């Protein structure tokens, strides 16, 4: 469950912050789990990386904000909502799916 929690925190914070920075901050938090051998090191790092980066297209991230800003004025609300829904869906599903695939199934 700790691996899932780390992935959830990474996804939520990465939706509004730098994915690289979040990976740099969350990886040291995961080290105690990996050192004790409770969780596959490779599986946790993969799950963490996917959870933190798949949410990069929210309107609060650089790429999402550029997509909204470069859209036509009449398209901006639709693109903003679409990216917001995408980010919310990824925050909910990505940590759970990556945890199940790369940690539980690999463990």
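Just so you know, all these numbers are worked out from the coordinates, no wet-lab data involved. Treat the numbers as computed from the prediction; the structure is a model and nothing was measured. Cβ placement follows ideal geometry from the backbone for every residue including glycine, while neighbour counts extend to all protein chains displayed.
Odds and ends about this structure:
- Between 0 and 90 degrees, the angle of helix 41-53 with respect to the longest Cα principal axis of the chain falls at about 10 degrees.
- Helix-derived mean residue ellipticity, 222 nm - over the chain, DSSP H n ≥ 4, -39500 (n - 2.57), to 500: -23000 deg cm²/dmol
- Acute angle (nearest 10 degrees) that the helix 2-14 long axis makes with the longest principal axis of the chain, alpha-carbon atoms: 20 degrees
- Crossing angle, helix 76-98 versus the chain [Cα axis fit, 0-90 degrees, rounded to tens]: 10 degrees
- Overall form of segment 2-104 per C-alpha gyration tensor (a/c, 1.5; a/b vs b/c): prolate
- A Förster radius of 35 Å, combined with the Cβ-Cβ distance separating residue 35 from residue 97, puts the computed FRET efficiency at roughly 0.85.
- Structure remark: mean-square fluctuation, Gaussian network model of the chain, C-alpha springs under 10 Å; the largest value among 42, 13, 58 belongs to 42.
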